[in-house]
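What follows is a short report on a single structure.
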Amino acid sequence: MREKWISLKWKMDEETYELVLSKFNIQVEDAKEWRDVINTYFYRRTGINDIHNRIIYK
């Protein structure tokens with residue numbers, strides 16, 4: 001959705017665009033963190049490493 005939002009920049013005022021974009025950026029970073037937390041949970045349960053070498057909190 002963030003990429004779609006970026007493509008619509010020219011259709012709105014700068015303030016609205018930047019506000020929503022900043023929220024999308026926060027959401028992307030939060031999603032990465034939660035992905036790593038979930039990977040850690042399953043690593044601890046199974047001992048199987050993440051095939052993409054993502055962060056495992058030990």
On average, how much accessible surface per residue is there in the chain, in Å², for a 1.4 Å probe, leaving out ligands, DNA and RNA? 88
Can you give the local net charge around K9? Use residues other than it whose beta-carbon is closer than 14 angstrom to its beta-carbon, Lys and Arg +1, Asp and Glu -1. -2
The chain: relative contact order from alpha carbon pairs under 8 Å, six or more residues apart, as a whole percent, is 27
If you roll a 1.4 angstrom probe over the protein chains with everything in place, what fraction of the accessible area of the chain belongs to carbon and sulfur, to the nearest %? 58
Would you tally the net charge around D36, using a Cβ to Cβ cut-off of less than 14 Å, leaving D36 out, and scoring K and R as +1, D and E as -1? +1
Once you compute Rg and the Kirkwood Rh from C-alpha atoms, what is the Rg to Rh ratio for the chain? 1.23
With Cα atoms, 0 to 90° folded angle of helix 14-46 axis to the chain main axis: 10
Take a quick pass over the chain and tell me how many lysine pairs come in under 23 angstrom between Cα atoms, counting only ones 8 or more apart or on separate chains. 6
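The values are calculated or read from the model by the stated rules, or taken from the named source; none is laboratory data. In this text the structure is predicted, and so the values were computed from the model without any measurement. A quick note on method: Cβ atoms are made from the backbone with ideal geometry, for glycine too, and the neighbour counts reach across all protein chains shown. Surface accessibility is based on the protein's heavy atoms, side chains included, excluding ligands, DNA and RNA. Shrake-Rupley method; radii C 1.70, N 1.55, O 1.52, S 1.80 Å.
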